[in-house]
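Okay, here's the structure, questions in a sec.
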Ligand code: ZN
């Protein structure tokens, strides 16, 4: 199950960036009764390829284990639906899309993005392996194939005339083990002048903002423009444009066309030069990141131990995957954290993976009033701090772990 060669260029000699040890699956919350059973753990090691600078984890957890209970619906997040409406309208106008066009989305989820094209009268096709989610999408007017997108499926679509003016792939290209097949498949289903629009969390933001808790088994890749460009070139696509978007702590939005149909624009050349200038293609860049993660761990554990020694009760907020990664990576468990508050009723009553801290309703922050609360869901910091005004007004403090430890 361990990956010894680069998933992009195929060369051996992946170099370790960060070894987070044997970790449970970050989304696998447990019931009390599950504690009698062994909890699966897998090595969690981030590495880079010194040849093509593709950053990846070295473990391949079988997908049937990983995506066993995948229940995330994109439309749950209003901000994400709105973000999708804006890009759809922009591409409809830019490319003059109408009833003769076709827009395909890979990992189309419940149709959160394609619905905006469908409403404007542009034919759409969603592709998503989760059958229950594909049914929801189809019912709302977004025809969806419940299949994995592979080279073979791309071939079948192309030979039956289903080639696209626009192909979207949001937050999926970091998850696909056969990265080359996926990208070659995109090249195959694009019309000669079609464009692929691919959004993925940006490695540089992860490093700069110390978002190491977004490293977990589902995320096989941590993409830079340098790494992605290499993969695209090998598989018949050229990156023509790139922009930064404020999704998932900072993401890349990459526009690619079939090689020969377009050329790298100024934004692409300038971002590649920037990545080179900050040393993103050097061992030192990754060593410095690993050092900062380790230092944060020491500082956080020392701070929590000090507070405990003063007799404080400490809670945490946010039972999502990133919280599980932070707690497990730093070994922060039930002896330090009394409970984890989370708004999702689907998580309350369960235990955090690995460290087994109970997950409860956020009203417990006011009811039990721990002196401090470690904010694990930093991506929703503003929203959570506002919601917890009562807790904070009565003296409760939030501990923000990264990129610099702060108490607010
Ligand atoms: Zn490589």
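Every read-out reported here was derived from the displayed coordinates using simple, explicitly stated rules and does not represent laboratory data. Computed from a prediction, not measured in an experiment: that's the story for all the values here. Cβ coordinates were reconstructed from backbone atoms using ideal geometry, including for glycine residues, and neighbour counts include every protein chain displayed.
Say each of residue 78 and residue 387 gets a label point 7 Å from the Cα, pointing the same way as Cα to Cβ; how far apart are those two points in nm?
Reported label-point gap for residue 78 and residue 387 is 1.3 nm.
Further question: What are the radius of gyration and Dmax of segment 131-286, computed over its Cα atoms and given in Å?
My reading of the Cα-based Rg and Dmax gives 16.3, 51 Å.
Distance from the Cα centre of segment 348-408 to that of segment 159-202, in angstrom?
After rounding, the separation between the Cα centres reads 39 Å.
Kindly rank 51-64, 256-269 from highest to lowest mean number of other beta carbons found within 10 Å of each residue. Could the numbers behind the result be given before it?
Numbers: 51-64: 18.4, 256-269: 16.1.
Ranking, from highest mean packing down: 51-64, 256-269.
Taking only Cα atoms, what is the 0 to 90° angle, nearest 10, from helix 283-309's long axis to the longest principal axis of the chain?
30 degrees
In segment 222-247, whose amide N lies under 16 Å from the spot 7 Å out along Cα-to-Cβ of residue 90? List them in ranges.
Within reach of a label on residue 90, which here means backbone N under 16 Å from a point 7 Å along Cα→Cβ, segment 222-247 contributes 240-247.
At 0.36 nm per residue, and after removing the present C-alpha to C-alpha distance, how many nm does the segment from residue 334 to residue 295 gain when stretched out fully?
On the way: separation 39, 0.36 × 39 = 14.04 nm, distance 2.21 nm.
Roughly 11.8 nm would be gained on extension.
Quick one, what does Rg over Rh come out to for segment 327-408 if you take C-alpha atoms and the Kirkwood Rh?
Working: Rg = 12.3 Å, Rh = 13.2 Å.
Taking Rh as the inverse mean 1/r over Cα pairs, Rg/Rh reads 0.93.
Further, regarding this structure: Out of all DSSP beta bridges in the chain, what portion is antiparallel? Express it as a percent rounded to 5. Numbers along the way, then the final one.
Details: 32 of 61 bridges.
Expressed as a percentage, antiparallel bridges in the chain total about 50.
Here's a follow-up. When a footprinting reagent is the concern and you count Cβ atoms within 10 Å, what order do 150, 238 take, fewest first? Write out the running numbers ahead of the final one.
On the way: 150 16, 238 19.
Lowest count first: 150, 238.
Now a separate question. Calculate, in nm to one decimal, what residue 193 and residue 138 gain on full extension: separation in residues at 0.36 nm each, minus their alpha carbon distance.
Length difference between fully extended and current span is 17.0 nm.
Quick one: which of 109-115, 299-305, 312-318 comes out on top by average Cβ neighbours within 10 Å, and what's the full order, highest first? Show your work: numbers first, answer last.
Values: 109-115: 25.9, 299-305: 14.6, 312-318: 22.6.
Averaged packing, sorted descending, gives the order 109-115, 312-318, 299-305.
With a 10 Å Cβ neighbour count serving as the proxy for reagent exposure, in which order, fewest first, do 6, 281 appear?
Numbers: 6 22, 281 16.
Listing 6, 281 from fewest to most nearby Cβ atoms yields 281, 6.
Between helix 78-95 and the chain, what is the angle of the helix's C-alpha long axis to the longest principal axis, kept within 0 to 90° and rounded to the nearest 10?
Roughly 20 degrees, rounded to the nearest 10.
Give me the extension gain from residue 147 to residue 346: residue separation times 0.36 nm, minus the current Cα-Cα distance, reported in nm with one decimal. It would help to have the intermediate numbers written out before the result.
On the way: separation 199, 0.36 × 199 = 71.64 nm, distance 2.66 nm.
So the chain would gain 69.0 nm between residue 147 and residue 346.
Express as a percent, rounded to the nearest 5, the fraction of DSSP beta bridges in segment 284-407 (both residues included) that run antiparallel.
Values: 3 of 14 bridges.
DSSP beta bridges in segment 284-407 are roughly 20 percent antiparallel.
Rank-order 205-216, 137-148 by packing density, defined as the average count of other C-beta atoms within 10 Å over each peptide's residues, highest first. The partial results should precede the final answer.
Working: 205-216: 21.2, 137-148: 17.7.
In decreasing order of mean packing, 205-216, 137-148 become 205-216, 137-148.
Would you calculate a helix-derived [θ] at 222 nm for the chain, using -39,500 (n - 2.57) for each DSSP H run of n ≥ 4 and dividing by the full residue count, to the nearest 500? All intermediate terms of the calculation are to be shown ahead of the outcome.
Details: 14 runs with 140 residues, N = 408.
So the helix-based figure for the chain works out to -10000 deg cm²/dmol.
Output the relative contact order of segment 284-407, whole-number percent, from Cα pairs under 8 angstrom with separation of 6+ residues. Could you put the intermediate results ahead of the total?
On the way: 177 pairs, mean separation 31.2, N = 124.
Answer for segment 284-407 is 25 percent.
Taking just the alpha-carbon atoms of segment 72-146, what radius of gyration and Dmax come out, in angstrom?
Just the Cα atoms of segment 72-146 yield Rg and Dmax of 11.6, 33 Å.
Compute the angle between helix 266-277 and the longest alpha-carbon principal axis of the chain, please, reported from 0 to 90 degrees and rounded to the nearest 10.
40 degrees
Give me the distance between the Cα centres of segment 126-143 and segment 245-314, rounded to whole Å.
33 Å
Can you give the Kirkwood hydrodynamic radius for segment 207-299, in Å, rounded to one decimal and based on Cα pairs? Numbers along the way, then the final one.
Values: mean 1/r = 0.0674 Å⁻¹.
Radius from the Kirkwood sum: 14.8 Å.
Taking N as the number of residues in segment 1-132, what is its alpha-carbon radius of gyration divided by 2.2 N^0.38 Å?
On the way: Rg = 20.1 Å, N = 132, 2.2 N^0.38 = 14.1 Å.
Its radius of gyration relative to the 2.2 N^0.38 Å reference: 1.43.
Determine the relative contact order of segment 1-144: mean sequence separation of Cα pairs under 8 Å and six or more apart, normalised by residue count, in whole percent. Before the final figure, lay out each step's value.
Values: 213 pairs, mean separation 23.3, N = 144.
For segment 1-144, the relative contact order is 16 percent.
Can you give the Kirkwood hydrodynamic radius of the chain from its Cα pairs, in Å with one decimal?
So the Kirkwood estimate lands at 22.5 Å.
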